[in-house]
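Quick notes on the structure that follows.
The values are calculated or read from the model by the stated rules, or taken from the named source; none is laboratory data. Computed from a prediction, not measured in an experiment: that's the story for all the values here. Quick reminder, even Gly has a Cβ in these numbers, built from the backbone with ideal geometry, and neighbours come from all protein chains shown. With ligands, DNA and RNA removed, areas are computed over all heavy atoms of the protein, side chains included. Shrake-Rupley method; radii C 1.70, N 1.55, O 1.52, S 1.80 Å.
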Amino acid sequence: MVDEILGKHLVAVIGAGPAGLFASKILAMHGIHVVLLNRDIIPGGLAEYGIYYDKFKMKEGLHRQFQQILDNPLIDYYGNLTIGEKGDFSLSDLRALGFQALLVTVGAQGTKWLGLPGENLIGVYHAKDLVFHYNLLPPYSTMDFHIGRRVALIGAGNVMLDMAHWLIRDLQVDEVIAVVRRGPNEVKFSKEELKMVVQNLDLAKLESEMERTQPIADAVGQNVGEAKEYISSTLPKALEPISNTRFYFDFLASPTHILGDAQGYVMGLEVEDTTLICAEGEVQAKRLGTKRILDVDTVIFCIGDKVDETFGLPVRRNAFVKHPDPFYPVDGLSYEAYDPDLNRPIDRVFVAGWSREASSGLVGVARKDGENGANAVLEFLKTAPNLVDPNSILDEFRGKQKKLNKPIILKSDLKELAEVSAEEAAKSGLPAFKYATNDEMLAAMGLN
Ligand SMILES: Cc1cc2nc3c(=O)[nH]c(=O)nc-3n(C[C@H](O)[C@H](O)[C@H](O)COP(=O)(O)OP(=O)(O)OC[C@H]3O[C@@H](n4cnc5c(N)ncnc54)[C@H](O)[C@@H]3O)c2cc1C
Ligand SMILES: NC(=O)c1ccc[n+]([C@@H]2O[C@H](COP(=O)([O-])OP(=O)(O)OC[C@H]3O[C@@H](n4cnc5c(N)ncnc54)[C@H](OP(=O)(O)O)[C@@H]3O)[C@@H](O)[C@H]2O)c1
C-alpha cells in the first residue's frame, strides 16, 4: 500500500516522457513519493508519439522499461491532466498544495515558426504535428492535413528524414526536396535513418549539388567528398524502394516566403541562396540576396521544436530559462528554473529533458537529463524539512482533481488499456495496436 510506505518528501514530476519517467525512478529509489502528472493519457511522450511508428521493437523495449518504473508503489501516475497557466493546475496551484519540489519535464512541445509570409497557407505544417498524426496522438490523429505531391522539407536532421520516410514510403508523393540552409557537411541526420529512403535519392542531383557547393565548402575548410561518402555509404544496406518518389537535397538555401494561390493553398516556396562563413567558432549560413522559387505544393518545417510558451515559465532560446549560477549543479549544468526579468530563481521549480534543452538528442540523452534533474532535486531536498503529513496534501490534490469533472488516468487504468490494446493487436495480427482518440481509450478503460 502506497500510504504505508509513503516517504516524507513529496515531489511533483510534470510530464511523463523519458525525462520525467527516469527522473521519477531516481527520486523513488531515494524514498521520495513522486506524483507524476501527464497531459496525455499514455505515458512515454515522444518515445510513444514521436519515434517512427513502425519501430515496434524499440517501442516495446521502452514500454517495458516505463512499466517497470510505474510499478514502483512510490510513484503515482495521473494522466489526462494538463499543468500550466491554462491547464488543470498551474505551478502555483501545485506549490500551494505543498509539493516540496516541482520537476518540469514537459518536453519541447510548442511550435517553432520562423515568421515567414505564407506560413498560414493550407499545406504548410510543422513536422511535430504530422509526427503526432501518424503516431496517433489525439487530437492530431484525427486532424486533416493537406499533403500534396511535391513537398519541401526544411532542415537536415533526423526529423526531416522521418518525414521523408513517411512521404516516400507511405504517402508515395512525387517529389521530396530537403531544403538545407548550410552545406552538405552540416547535415545532422544519422546513417541509420537515411537507409530508409536513400534508394529514392536522385544521385545525379546529389553529384551536381556536391559540385556546386564544393568551392563554398572549400573556403571554410570543408571537404564535400566526406559528406558525399557519408551519404553514399548507406546505399549498400538501404531499404528497397517501394515508390518512385524523387528525393533530393537543395543545399545553401534558406526559406523566405511561402507563395499561395487564390484559394489559400501553397503554390511555391521562395528560398534565398546562402554561402558559408566562419563566425563565433562555427560554420554559419550567410544570405546572399538572390532568390528563387521551388515548385512545391507543401512545406513542412523540420527545424526543431521549442517549449510551450504558455506553460508559465520564462522562455529563452526555445527552452525554459535556467539559473545561470545554480545552487545544485549536476555535471556542471543548471536544472533550476529562473526568472531573468526578476533576476531570481523560481521557487522550488526544476527543469530537465527537452524542457531544459529543446530538441536535444535521443531517448538516452533525455533519460540522463531527467536523472540529472532528479539528482538536483535530491540535493535541494536535503535542505527541506520532512513533511509532517504528506497524506493530507495528496488527499487535497485528489479532491481538487475530482472537481475537474474529467477522467483522470491512474496506473490501474493504464494496465487495463495495455491489456485491451494487446488483445486488439492479437486479433488483427498486428505487432501493436493503438486507439486514435481519447474517447476510444477511455471506453477501453471503462471510464466513459
Ligand atoms: C519525430 C521524432 C522522432 C524521434 N525518434 C527517436 C528515435 O527513433 N530514437 C530515439 O532514441 N529518440 C528519438 N527521438 C528523440 C526522443 O523522442 C526525445 O529525446 C525524448 O522523447 C525527449 O524526452 P522528454 O521527456 O524530454 O520530452 P517528451 O518526450 O516530449 O515528453 C514530454 C511529456 O510531457 C507531457 N506534457 C507536455 N505538456 C504538458 C503539460 N502542460 N502538462 C503535463 N504534461 C505535459 C507530454 O504529454 C509528454 O508525455 C525522436 C524525437 C522526435 C521529435
Ligand atoms: N530516428 C531517430 O533516431 C530520430 C528521429 C527524429 C529525431 N531524433 C533526434 O531528435 C533531436 C531533434 O531532431 P531534429 O531533426 O528536430 O533537430 P536537429 O537535428 O537539430 O535538426 C534541425 C535542422 O533544422 C535546421 N534549422 C534549424 N533552424 C532553421 C532555420 N531557421 N532555417 C532553416 N533551417 C533551420 C537545422 O539547420 P542548422 O544545422 O543550420 O541549424 C537542422 O538541419 C535530434 O537529436 C535527433 O537526432 C532522432
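About its Cα centre, the dipole of the chain is roughly 360 debye, where the only charges are +1 on Lys and Arg Cβ and -1 on Asp and Glu Cβ. Placing a label point 7 Å from the Cα of ALA432 along the Cα-to-Cβ direction, the residues of the range 65-103 whose backbone N falls under 16 Å from that point are 65-68. Calculated from the alpha-carbon coordinates, the range 97-168 shows an Rg and a Dmax of 15.7, 54 Å respectively. Per-residue ellipticity at 222 nm computed for the chain from its helices equals -9500 deg cm²/dmol, with DSSP H segments shorter than 4 residues left out and the rest contributing -39,500 (n - 2.57). Beta bridges per DSSP, both residues in the chain: antiparallel share near 40 percent.
With R₀ set to 22 Å, the beta-carbon distance separating MET58 from ALA425 gives a calculated FRET efficiency near 0.85.
State log₁₀ I(q)/I(0) for the range 254-352 at q = 0.11, 0.15, 0.18 Å⁻¹ as given by the Debye formula over alpha-carbon point scatterers of equal weight, solvent excluded. Log10 I(q)/I(0), no solvent term: -0.61, -0.83, -0.91. When only the Cβ of Lys, Arg, Asp and Glu is charged (+1, +1, -1, -1), the dipole of the range 171-327 relative to its Cα centre reaches about 340 debye.
The alpha carbon convex hull volume per residue for the chain rounds to 165 Å³.
Using the 1.4 Å probe convention, the accessible area of the range 39-89 works out to 44 Å² per residue with neighbouring protein chains retained. Expressed as a whole percent, the accessible area of the chain that falls on carbon and sulfur atoms is 51 (1.4 Å probe).
Here LYS55 is the anchor, and the aspartates and glutamates within straight C-alpha reach of less than 16 Å, apart from those fewer than 8 places off in the same chain, are ASP162, ASP170, GLU192, GLU193.
Using only the Cα atoms of the range 42-162, build the gyration tensor, take square roots of its eigenvalues as a ≥ b ≥ c, and label the shape rounded, prolate or oblate: rounded if a/c is under 1.5, else prolate if a/b is larger than b/c, else oblate. Cα axes put the range 42-162 in the oblate bin.
Between the C-alpha center of the range 429-448 and that of the range 333-389 there is a gap of 33 Å. The mean accessible area for residues of the range 152-288, using a 1.4 Å probe and ignoring ligands and nucleic acids, is 44 Å² per residue. Shape of the range 25-113 from the C-alpha gyration tensor: oblate (a/c of 1.5 or more and a/b not above b/c, with a ≥ b ≥ c the square roots of its eigenvalues).
Pairs from the table (LYS25/LYS427; LYS188/LYS228; LYS86/LYS128; LYS188/LYS322; LYS86/LYS403) lying more than 23 angstrom apart at Cα are LYS25/LYS427; LYS188/LYS322. Across the chain, Cα pairs under 8 Å and at least six residues apart give a relative contact order of 21 percent. Shown is the FRET efficiency for ASP347 and ASN72, computed with R0 = 25 Å from the Cβ-Cβ distance and rounded to the nearest 0.05: 0.35.
Normalised per residue, the accessible area of the range 324-443 is 55 Å², obtained with a 1.4 Å probe and no contribution from ligands, DNA or RNA. In this simple spin-label model, placing a label point 7 Å from the Cα along the Cα-to-Cβ direction at both VAL220 and ALA418 gives a separation of 4.7 nm. Classify the range 295-373: rounded, prolate or oblate, from the alpha-carbon gyration tensor (a ≥ b ≥ c, eigenvalue square roots; a/c under 1.5 rounded; otherwise prolate if a/b is larger than b/c)? Because a/c hits 1.5 or more and a/b fails to exceed b/c, the range 295-373 counts as oblate.
Only Cα pairs under 8 Å and 6+ residues apart enter the sum, and on that basis the relative contact order of the range 324-448 stands at 15 percent.
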